[in-house]
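Novice: One structure, as structure tokens, below. Some questions next.
The values are calculated or read from the model by the stated rules, or taken from the named source; none is laboratory data. In this text, all values refer to a predicted model and were calculated from it rather than measured experimentally. Backbone-built Cβ (ideal geometry, glycine too); neighbour counts: all protein chains shown. We work out accessible area using only protein heavy atoms, side chains counted, and drop any ligands, DNA or RNA first. Shrake-Rupley method; radii C 1.70, N 1.55, O 1.52, S 1.80 Å.
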Amino acid sequence: MAAKNFAYRFTFGPWNISTGGDPFGPPVRKEMAFAAKIREYRKLGFEGVQFHDDDAVPLDLTPQETERHAARVRKMLEGEGLFCEFVAPRLWEHPKTIDGAFTSNQASERRSAIERARRSIDIANALGCHDLVLWLAREGTYIREAKDPIASVGRIIEAIDALLAHDPNIRILGEMKPNEPMDMAYLPTPGHFMGMVYRTADPARVGILIESAHSILAGLDPSDDMAYALWHGKLWSVHLNDQNGLKYDQDKTFGSVDLRRAFNTVWVLERAGYRGCIGLDVKPMRTTKAVDQTKHLANSKAMFLRLLDVVRSVDAGLIETYRAERDYEGLEAYILAKLMGT
């Protein structure tokens, strides 16, 4: 069991304060300026910021301009008492990634994706960060015959190796999702990515970020995915949220759909002594008024901390007794009573 007085650090990305637009309707809230979003972090009790590369630095700058702009962002963060948790290259919106980034059938497009990811590493360094997250959003197909699946896995490894070679201090974190935007993704689950980690040039610097909703979309329990990665010593970050079934990626407030599933997530992290950041990836409901557009973040953090109190109140000895006696009915009743505060 982890020390009861350990204080987790909480992070989220600026995209989590959003306008409410979706594929079926326009924005319903005005875009909040980047600097204004950064000022919200400490007010909400968050310590760190997650970035896409173009959240931190516009894409069209020269290397010298990129360095200067990143230095200004770092100064802004430090002025607010914040740190950068990671940078993730946005490899799913550019025209050159229509057919995938690292797995595009066009060699020039694969090279372009690697160059953008290298630039993201440079941005991370300028922000005082050494973690790069790769969400392989378009590494997949709409029809399976479109790409060579064996070559595609190899191309992902080649890209990761190129990034490892770019900076000997960078760590690469894969973020897996089974579908959306692609119909069928390559390496759709944490287990798939973990199997690939050990074929990279430096497995010690390749780990994983697990998002609750992505595991749920694959029909898996997030706590089991996290436990698997924790056993390997490879769970380096999380995106906590919730998901109402096998639908589109909903990014709902953590614990809002399945409280017991959220409890087990916190239980696994705490019992394993997880020391990474508690990252959130949650969206406000489209119906949310502008004045309330950070409530989902505050509520998700509060839910984690409340469940953490519950986890820390669990009698580990009693749990082992229930297990030894194979009294799972009694164990279930005990957990439910804890969750109901009785």
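Novice: Filter segment 224-246 down to the residues that are within 15 Å of the chain's Cα centre (by Cα), small (G, A, S) and over 21 Å from L297 (Cα atoms) and list them by number.
Specialist: Scanning segment 224-246 gives a single hit, A229.
Novice: In the list K75, K37, which residue meets the criterion of being under 23 Å from the mean Cα position of the chain (by Cα), among the basic types (K, R) and modelled with pLDDT of 95 or more?
Specialist: Matching residue, one of K75, K37: K37.
Novice: Are any of the residues in segment 14-24 buried (at least 19 other Cβ atoms within 10 Å of the Cβ) and part of a helix (DSSP H, G or I)?
Specialist: Within segment 14-24, one or more residues are buried (at least 19 other Cβ atoms within 10 Å of the Cβ) and part of a helix (DSSP H, G or I).
Novice: Moving on. I'm trying to understand the selection: among the residues of segment 204-215, which are part of a helix (DSSP H, G or I) and in contact with a strand residue (DSSP E or B) (Cβ under 8 Å, 6 or more places away or on another chain)?
Specialist: Passing the criteria: R205, S212, A213, H214.
Novice: Within segment 25-58, which residues are within 19 Å of E80 (Cβ to Cβ), open to solvent by 30 Å² or more (accessible area, probe 1.4 Å) and not in a helix (DSSP H, G or I)?
Specialist: Within segment 25-58, M32, A33, E47 meet the criteria.
Novice: Among the residues of segment 253-268 satisfying the criterion of being surrounded by fewer than 21 Cβ atoms within 10 Å (Cβ to Cβ) and not hydrophobic (A, V, I, L, M, F, W, C), which is farthest from the chain's Cα centre (by Cα)?
Specialist: Once the filter is applied, the top-ranked residue is R260.
Novice: Specify the residue that is nearest to the chain's Cα centre (by Cα); the eligible residues are those in segment 111-147 that are assigned to a helix (DSSP H, G or I), farther than 18 Å from L59 by Cβ and of a type outside the set (A, V, I, L, M, F, W, C).
Specialist: Checked segment 111-147; the qualifying residue nearest to the chain's Cα centre (by Cα) is R144.
Novice: Looking only at residues that are small (G, A, S) and under 26 Å from D122 (Cα atoms) in segment 153-190, which one is most open to solvent (accessible area, probe 1.4 Å)?
Specialist: A165
Novice: With the structure loaded, tell me whether D99 is outside any helix (DSSP H, G or I), surrounded by fewer than 19 Cβ atoms within 10 Å (Cβ to Cβ) and modelled with pLDDT under 95 or whether it fails that test.
Specialist: no
Novice: Is it the case that G219 is more than 18 Å from R306 (Cα to Cα), of a type in the set (G, A, S), assigned to a loop (DSSP other than H, G, I, E, B) and within 14 Å of the chain's Cα centre (by Cα)?
Specialist: Judged against the criteria, G219 is not a match.
Novice: Ok, one more. So, in segment 204-221, exactly how many residues are buried (at least 22 other Cβ atoms within 10 Å of the Cβ) and not hydrophobic (A, V, I, L, M, F, W, C)?
Specialist: 5
Novice: Another question, if that's okay. Taking the options M196, M226, name whichever one is buried (at least 23 other Cβ atoms within 10 Å of the Cβ), in a helix (DSSP H, G or I) and touching a helix residue (DSSP H, G or I) at 6+ places or on another chain (Cβ under 7 Å).
Specialist: It is M226.
Novice: Anything in segment 81-96 that is surrounded by fewer than 16 Cβ atoms within 10 Å (Cβ to Cβ) and not in a helix (DSSP H, G or I)? List them, or say none.
Specialist: If the condition is that a residue be surrounded by fewer than 16 Cβ atoms within 10 Å (Cβ to Cβ) and not in a helix (DSSP H, G or I), then G81, E93 are the ones that fit.
Quick grid of which residues meet (1) of a type in the set (S, T, Y); (2) within 29 Å of Y142 (Cβ to Cβ); (3) free of Cβ contacts under 8 Å to residues at least 12 places away in the same chain:
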site: I170; (1), (2), (3): no, no, no
site: P178; (1), (2), (3): no, yes, no
site: S212; (1), (2), (3): yes, yes, no
site: G219; (1), (2), (3): no, yes, no
site: L230; (1), (2), (3): no, no, no
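Novice: Let me ask something additional. Under 7 Å by Cβ, and 6 or more places apart or on different chains, what pairs join a residue from segment 40-59 that is closer than 16 Å to D281 by Cα with one that is in a loop (DSSP other than H, G, I, E, B) and of a type in the set (D, E, K, R)?
Specialist: Within 7 Å, the pairs are Y41/E80; E47/R9; G48/R9; H52/R90.
Novice: For segment 128-152: of the residues being among the hydrophobic types (A, V, I, L, M, F, W, C) and over 14 Å from V206 (Cβ atoms), which is surrounded by the most Cβ atoms within 10 Å (Cβ to Cβ)?
Specialist: Among them, the one singled out is C129.
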